[in-house]
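Working notes, beginning with the structure itself.
The values are calculated or read from the model by the stated rules, or taken from the named source; none is laboratory data. Model, not experiment: these values are computed from the prediction. Virtual Cβ from ideal backbone geometry, glycine too; neighbours counted across all protein chains shown.
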Amino acid sequence: MVEGRLSAARAASRADLRARRSNATLSAPTSSRLPRASPANGVEHHLVEHPGGARGTVVLLHGYLDLARSFEEVIAALGEAGYRVIAPDFRGHGDTGRAPAGAYYHAMDYVADLDALLDALALDRVHLVAHSMGGTVATRYAGARPGRVETLSLIEGVGPPSMPADVTPDRTAAWLDGLKRARARAPRTMRSLDEVVARMRVSHPSVSLETLRVMAARATRVVDEGALTFRFDPLHMTISPMRYDAEAFEAFLPRITCPVLMIDGGGSLAGFPELAERAARYPNARFVNIPGAGHMVHWTAPEALVSALLAFLGDHSPAG
């Protein structure tokens, strides 16, 4: 049944892509906006939602330079299995508002935004499903607010390898230079979807061209004279001024009280022993390996991902 739902969702995605080529628009299946004056830290957050049923609420958090619509097939399948699904675009990503003039994006901003969003949506306790950077946000949140997290599912999402403290001055200098460049030039544009796909393939060489075309259409918007630009703030392309503090991150792990699902596509844990050791320190964790999926599991193996999520969530949810 899962594969059937995902096949239907993929067919809809291909129809979306055809519409994009003819009309230069691509609409989300179900979306809503919190008003800019909402308590989500003053930033208007765009959500992709599936109303689902009575099995609980899943909040799905995307990764760096990604967006909620990247998970459309997963959102549809979880919703049809009886879960309410809410997938926000992080600040500066997708259709969510950007940081105010003169501000920047720091890791804890996303944690604060998540807390404010749950308050604004009157969600007391949720299942968190998170990919990559979203996993670091979800981990910190589950450790800081354990009473609000029913389960934690991490898809290639235990954070990057540690960095020595002495890299911080050079990173700060590079960040300052990057800020000046990013603020002085217009966002980069691309002439066609083919050009977008070519750029994305540099970072994702193992992902099929068909999948990249669908994701490229979702990840871009039309600007002047039909040119395309990515739906993220160019400031995200600058290096972070602060090193990744693995010790501080891992201090959250023993505070996590909910069941944890760790999904590895072979893109992180297999290649970095430090990350595998970190993953093993998550309490109450179940491990699922999806061989060959790579880092972008929701792109390359959505059926296997949904199967793993439904099996885990089903153990910690009312019957549908």
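Out of segment 100-129, which residues are over 15 Å from residue 64 (Cα atoms) and assigned to a loop (DSSP other than H, G, I, E, B)?
Residues satisfying the conditions are 100, 101, 102, 103, 121, 122, 123, 124, 125.
Consider residue 13 against the criteria (1) modelled with pLDDT of 50 or more; (2) crowded, with 20+ Cβ neighbours inside 10 Å; (3) not in a loop (DSSP other than H, G, I, E, B): it satisfies all of them except one. Which criterion is unmet?
Going through (1) modelled with pLDDT of 50 or more; (2) crowded, with 20+ Cβ neighbours inside 10 Å; (3) not in a loop (DSSP other than H, G, I, E, B) one by one, residue 13 breaks only (1).
Only one of these is among the acidic types (Asp, Glu), surrounded by fewer than 20 Cβ atoms within 10 Å (Cβ to Cβ) and in contact with an Asp or Glu (Cβ under 6 Å, 6 or more places away or on another chain): 119, 109, 95. Name it.
The match here is 95.
Would you check if residue 97 is within 19 Å of residue 228 (Cα to Cα), modelled with pLDDT of 90 or more, small (Gly, Ala, Ser) and in a loop (DSSP other than H, G, I, E, B)?
Judged against the criteria, residue 97 is a match.
Confirm whether residue 188 is of a type in the set (D, E, K, R) and part of a helix (DSSP H, G or I).
no
Checking residue 177 against (1) part of a helix (DSSP H, G or I); (2) touching a residue at least 12 places away in the same chain (Cβ under 8 Å); (3) more than 30 Å from residue 116 (Cα to Cα), only one condition comes out false. Which one?
(2)
Taking the condition of being part of a helix (DSSP H, G or I), surrounded by fewer than 16 Cβ atoms within 10 Å (Cβ to Cβ) and modelled with pLDDT of 95 or more, how many residues in segment 249-276 meet it?
2
Mind listing whichever residues of segment 289-314 are surrounded by fewer than 19 Cβ atoms within 10 Å (Cβ to Cβ) and either hydroxyl-bearing (Ser, Thr, Tyr) or touching a strand residue (DSSP E or B) at 6+ places or on another chain (Cβ under 7 Å) (or both)?
Hits for segment 289-314 are 289, 307.
To keep it simple, each residue is scored yes or no on (1) out of contact with any Ser or Thr (no Cβ under 6 Å at 6 or more places or on another chain); (2) without any contact (Cβ under 8 Å) to a residue 60 or more places away in the chain.
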site	(1), (2)
217	yes, no
229	no, yes
247	yes, no
258	no, no
274	yes, no
286	yes, yes
295	yes, no
303	yes, no
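Let me spell it out: the conditions are (1) more than 20 Å from the chain's Cα centre (by Cα); (2) surrounded by 14 or more Cβ atoms within 10 Å (Cβ to Cβ); (3) modelled with pLDDT under 95, and residue 228 meets all of them except one. Which number is the exception?
Of everything listed in (1) more than 20 Å from the chain's Cα centre (by Cα); (2) surrounded by 14 or more Cβ atoms within 10 Å (Cβ to Cβ); (3) modelled with pLDDT under 95, residue 228 misses just condition (3).
Restricting segment 302-320 to residues that are among the small types (Gly, Ala, Ser) and modelled with pLDDT under 95, which is nearest to residue 53 (Cα to Cα)?
320
Going by the structure shown, is residue 161 under 19 Å from residue 240 (Cβ atoms), of a type outside the set (A, V, I, L, M, F, W, C), modelled with pLDDT under 95 and part of a loop (DSSP other than H, G, I, E, B)?
For residue 161, the condition - under 19 Å from residue 240 (Cβ atoms), of a type outside the set (A, V, I, L, M, F, W, C), modelled with pLDDT under 95 and part of a loop (DSSP other than H, G, I, E, B) - is met.
If a residue has to be at pLDDT 95 or above and either in a strand (DSSP E or B) or within 20 Å of residue 97 (Cα to Cα) (or both) to count, how many in segment 44-64 make the cut?
8
Out of segment 78-94, which residues are in a loop (DSSP other than H, G, I, E, B) and under 16 Å from residue 66 (Cβ atoms)?
The answer is 89, 90, 91, 92, 94.
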